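Below is one structure; the comments refer to it alone.
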Amino acid sequence: MEPAQSLTSAGVLIVAGKGGVGKTTVTAALAVAASAAGRRVLVIDVEGRASMPTAFGVDPLTYEERVLVDAAAEHAGVFARTLTPDDALLEYLNERGLQRLSKRLVSTGLLDVIATAIPGIRDILVLGKVKQLERSGMFDLVVVDAPAAGHAITFLQSASGLLDAVQVGPINAQAREVQELLTDAERCRVVLVTIPEETPVNELVETAYRLEDQVGVALGPVVVNGVHPDLPGLAVDPELAAAESGVALVAGEAEALRDAAAFRLARTAVQQEQLERLAAELPLPQLRLPDLFTSTLGRAEVDRLADALSEQLGTARPGGTA
Amino acid sequence: MSPDAERLDAVVGRSRVVVCCGSGGVGKTTTAALVALHAARRGRRSVVVTIDPARRLANALGLTSLSDQASVIDGPWPGEMHALMLDTTATFDGLVRRYAADDRQAEQILGNRFYQNISTSLSGTQEYMASERLYELAIESDYDLVVVDTPPTRNALDFIDAPQRLARFLDHRIYKILINPSKGPIRAVNVAAAAVTRSLAKVVGADVIGDAIEFFRAFDGMEEGFARRAERVDRLLREDTTAFVLVASPKADTVVEAGFFADRLGELGISVRGLVVNRMQPAFEFATDRPELSGTAVRARAGTLAGTSLGDLYTCLADARQLAAAEEEHLAGLADRVAPAPVVRVPIQAAEVNDLVALDHLADLVLGSADGGRSGT
């Protein structure tokens with residue numbers, strides 16, 4: 001299956017990227033786009049972050065599912081919940097009739113000792129729960145807002161690491177099932193997010209190869225966030241343009257227009273260079289999201305980005321969206 | 001020089017330790033590096049502890065390979081600048097060697113699988129070792145200024161909490177609970193805990209629990225040294241000559257996190273001494289008495305002029321103004337929360353810092369040029 005189509009068919013999308021690239025924004029946009037395409041979506045927040053509920057105007061997320069987008073004529077519905085590692089561990093033990101044990105673990109501080117004795121156990125329980133939700137049939141798509149970049153590798157590597165460390169027993173079985181999910185390109189894809197700047201692109205390329213080589217996960221398209229929309233008229237001199245359009249400019253106006261244009265052109269040139277470099281270094285389709293020139297993420301912004309994703313999903317190909 | 005940059009310069013000038021904190025991706029490491037560089041320009045002897053610097057910055061500093069030892073950064077300044085990258089494992093190993101009763105105890109711990117997991121995967125360990133390295137450099141070396149970058153965690157307070165939290169963790173008597181519940185007075189809590197540990201062994205495997213027990217047994221007696229050390233680090237972080245500088249970007253979510261961090265620091269009785277906001281969008285304002293040309297009103301004008309040859313130019317200006325206004329709106333609350341700390345706004349740079357000249361230029365923006373303030377001191 002082509003990576004671009006995978007976005008519209010895989011049951012689990014894991015969204016990962018370095019801090020500051022808009023990973024949560026992209027998670028929200030992917031969820032809304034899928035819901036608009038008729039899929040019932042669950043968003044999972046593994047870090048208990050704050051920005052997603054604000055965008056949808058709902059209260060902070062909890063372990064219980066909350067509606068982000070109602071199911072209506074044009075939407076199949078988006079739901080969201082948190083799934084922190086400690087929650088996952090306690091639920092795991094409770095489900096196995098070990099409530100008393102789980103209480104003890106917290107009160108004696110043994111929980112930290114265990115998590116250290118078995119690195120990755122918290123992650124594997126989170127991913128195990130994701131797999132359970134995928135299999136529950138309650139949702140068509142589960143979108144996981146993964147930990148930030150460096151941690152994303154550790155997070156996704158937890159299953160293969162645990163298979164070596166714990167050879168038998170229920171944890172081993174859990175790790176095996178998670179590894180099956182992660183390495184099944186039909187069921188699960190990792191979507192890497194970046195912005196078109198040097199360091200974020202470097203880190204994305206590194207993460208991509210490490211995820212493919214070390215974890216064996218299948219990557220979906222790369223999402224490049226904050227791409228400047230094209231403004232072909234910026235090379236024009238403001239004074240000439242004003243004369244041509246019969247507009248009188250006040251003092252300082254031409255200079256402001258010229259400075260703003262020069263600033264934007266310089267930044268756009270950097271973006272273009274980085275987009276090309278990304279395409280050359282990583283042969284994956286790119287989905288490009290426009291810079292909305294706002295630092296507020298509300299429902300209107302999420303919808304605009306979701307529309308941009310929907311539009312491109314049929315057409316994404318390596319190195320370009322044109 | 002902006003008055004805020006001047007005030008931040010004064011804060012750094014009176015400090016012996018500067019801790020740069022904030023969420024990931026906001027330019028924290030770069031800010032830490034330029035604070036150290038500026039101190040060298042001021043004739044001081046500075047060192048910066050970086051954590052996982054971006055390739056470009058590492059190259060700019062000449063840090064091509066991971067080195068836990070400070071190396072000197074050559075530059076045209078009267079003082080000295082040094083830099084190092086935090087090596088969590090090496091730092092932890094050093095602490096174990098320092099507090100072990102003898103080589104045998106040290107080797108036993110260093111070879112234990114559970115110990116190796118602590119230094120690679122226990123959350124908070126990187127923060128702990130960053131503060132440990134800070135302590136060594138501030139107390140046991142003769143730098144005038146130690147600048148430390150903090151790991152990009154969700155909870156930036158880990159940096160302050162980690163030493164005490166890890167000291168408590170290392171004091172865990174899991175093996176006593178499991179092995180010797182009957183030695184001494186039999187306590188119900190111990191017996192119950194032993195039962196817990198046994199059921200756990202069934203779930204996660206006995207050898208895993210065995211490694212942990214072996215570790216705590218080998219570590220026995222060293223926890224006091226670690227706890228005392230943690231206390232001293234905590235005291236250093238609260239000293240008057242230690243300044244916490246919050247680094248943020250003007251995006252809504254990082255501003256929220258920065259505000260949260262400022263509040264939590266306040267609860268601990270530590271105040272933010274400076275706020276550096278990187279990546280600000282310039283607004284390209286100009287003085288005019290025509291309201292349709294000021295602030296974000298230019299968006300409407302861009303609409304009117306669409307299709308003319310001024311159209312794109314106006315859209316571009318309107319985009320810049322809209323973003324700049326949104327950023328200022330987010331920042332207003334944060335600036336109030338950290339008041340009276342100076343708030344330095346740094347415009348977004350066209351290119352990344354890739355050499356010392358670029359870093360030097362950025363230091364001018366954040367702390368003022370070295371010449372600009374010297375006449376006044």
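Since every read-out is calculated from the coordinates, none of them should be taken as a lab result. Bear in mind the structure is a predicted one, so any value in this text is a computation, not a measurement. Counting neighbours? That spans all protein chains shown, and the Cβs are built from the backbone with ideal geometry, glycine included.
Calculated FRET efficiency, A:Met138 to B:Arg168, Cβ-Cβ distance, R0 = 51 Å: about 0.80 to the nearest 0.05.
Site pair A:Arg210 and B:Arg198 shows an inter-label distance of 4.2 nm when each label is modelled 7 Å from Cα along Cα→Cβ. Here the label points at B:Glu136 and B:Ser271, each 7 Å from Cα along the C-beta direction, are separated by 3.4 nm in the simple model. For chain A, the alpha-carbon coordinates run over 80, 39, 38 Å along the three principal axes, in decreasing order. Peptide A:245-252 shows a mean partner chain C-beta count of 4 within 10 Å per residue C-beta.
The calculated 222 nm mean residue ellipticity attributable to helices in chain B amounts to -17500 deg cm²/dmol, summing -39500 (n - 2.57) over DSSP H runs of n ≥ 4 and dividing by all residues. Considering every alpha-carbon pair of the stretch A:71-142, the percent of pairs per 5 Å bin, from zero through the bin containing the longest distance, is 3, 15, 20, 22, 14, 9, 8, 4, 3, 1, 0. May I ask what percent, to the nearest 5, of DSSP beta bridges between residues of chain A are antiparallel? Counting DSSP beta bridges with both partners in chain A, the antiparallel share is about 20 percent.
Of the two radii for the protein assembly as shown, the radius of gyration is 0.99 times the Kirkwood radius, both from the alpha carbons; that is the Rg over Rh value.
Averaged over the residues of A:101-112, the number of partner chain Cβ atoms lying within 10 Å of the residue Cβ comes to 5. Taking a sphere under 15 Å around the Cβ of A:Val166 and counting the other residues whose Cβ falls inside, with K and R at +1 and D and E at -1, yields a net charge of -1.
Going by C-beta contacts inside 10 Å, put B:Thr254, B:Thr89 in order with the fewest on the left.
Ranked by crowding around the Cβ, least crowded first: B:Thr89, B:Thr254.
Overall, the ratio between the Cα radius of gyration of the stretch A:17-71 and 2.2 N^0.38 Å, rounded to two decimals, is 1.11. Short to long, the 5 Å bins of the Cα pair-distance histogram for the stretch B:196-235 hold 6, 21, 17, 14, 13, 12, 11, 6, 1 percent of all pairs. Take the stretch A:165-322, drop everything but the C-alpha atoms, weight them equally and run the Debye formula without solvent; then report log10 I(q)/I(0) at 0.11, 0.13 Å⁻¹ to two decimals. Each listed q corresponds, in turn, to -0.62, -0.78. Each peptide in B:363-370, B:44-51 receives the mean, over its residues, of other Cβ atoms within 10 Å, and ordering these scores from highest gives B:44-51, B:363-370. Highest mean first, the peptides A:284-290, A:232-238, A:109-115, A:243-249 sorted by other C-beta atoms within 10 Å per residue fall in the order A:284-290, A:109-115, A:232-238, A:243-249. Over all pairs of different C-alpha atoms, the stretch A:1-158 has a mean inverse distance whose reciprocal, the Kirkwood radius, equals 16.5 Å.
In this structure, A:Arg100 and A:Thr8 have a Cβ-Cβ separation that, at R0 = 51 Å, corresponds to a calculated FRET efficiency of about 0.65.
When DSSP assigns beta bridges and you keep just the ones with both residues in chain B, what percent turn out antiparallel, to the nearest 5?
10 percent
Taken as Cα centroids, the stretch A:179-210 and the stretch A:231-256 sit 43 Å apart, rounded to the nearest whole angstrom.
When ranked by the protection proxy of mean other Cβ atoms within 10 Å per residue, highest first, what sequence do the peptides A:16-25, A:55-64, A:78-87 form?
Result, highest mean Cβ count within 10 Å first: A:16-25, A:78-87, A:55-64.
Based on the Kirkwood approach, the hydrodynamic radius assigned to the stretch B:191-275 is 17.1 Å, with every pair of different Cα atoms included.
Once you wrap a convex hull around the alpha carbon atoms of the stretch B:303-377, what is its projected area averaged over all directions, in nm²?
Over every viewing direction, the Cα hull of the stretch B:303-377 projects on average to 8.4 nm².
Here the stretch B:28-103 and the stretch A:62-77 have alpha carbon centers that stand 49 Å from each other. When the alpha carbon gyration tensor of the stretch A:130-246 is reduced to an equivalent ellipsoid, its three semi-axes come out at 45, 17, 9 angstrom, largest first.
Computed on the stretch A:86-203, with alpha-carbon pairs under 8 angstrom and 6+ residues apart, the relative contact order is 22 percent. Each Cα pair under 8 Å and six or more residues apart adds its sequence gap; the mean of these over the residue count of chain B is a relative contact order of 24 percent. Each Cα pair under 8 Å and six or more residues apart adds its sequence gap; the mean of these over the residue count of the stretch A:1-129 is a relative contact order of 19 percent.
For chain B, what are the per-bin percents of Cα-Cα distances with bins 20 Å wide, up to the bin holding the maximum? Computed distribution, short to long bins: 25, 46, 23, 6, 0.
Neighbours of B:Glu140, meaning other residues whose beta-carbon lies under 14 angstrom from its beta-carbon, give a summed charge of +2 when Lys and Arg score +1 and Asp and Glu score -1. A Förster radius of 56 Å, combined with the Cβ-Cβ distance separating A:Asp59 from A:Ala269, puts the computed FRET efficiency at roughly 0.85.
A simple spin-label model places the labels of B:Asp93 and A:Ala73 6.8 nm from each other, with each point 7 Å out along Cα-to-Cβ.
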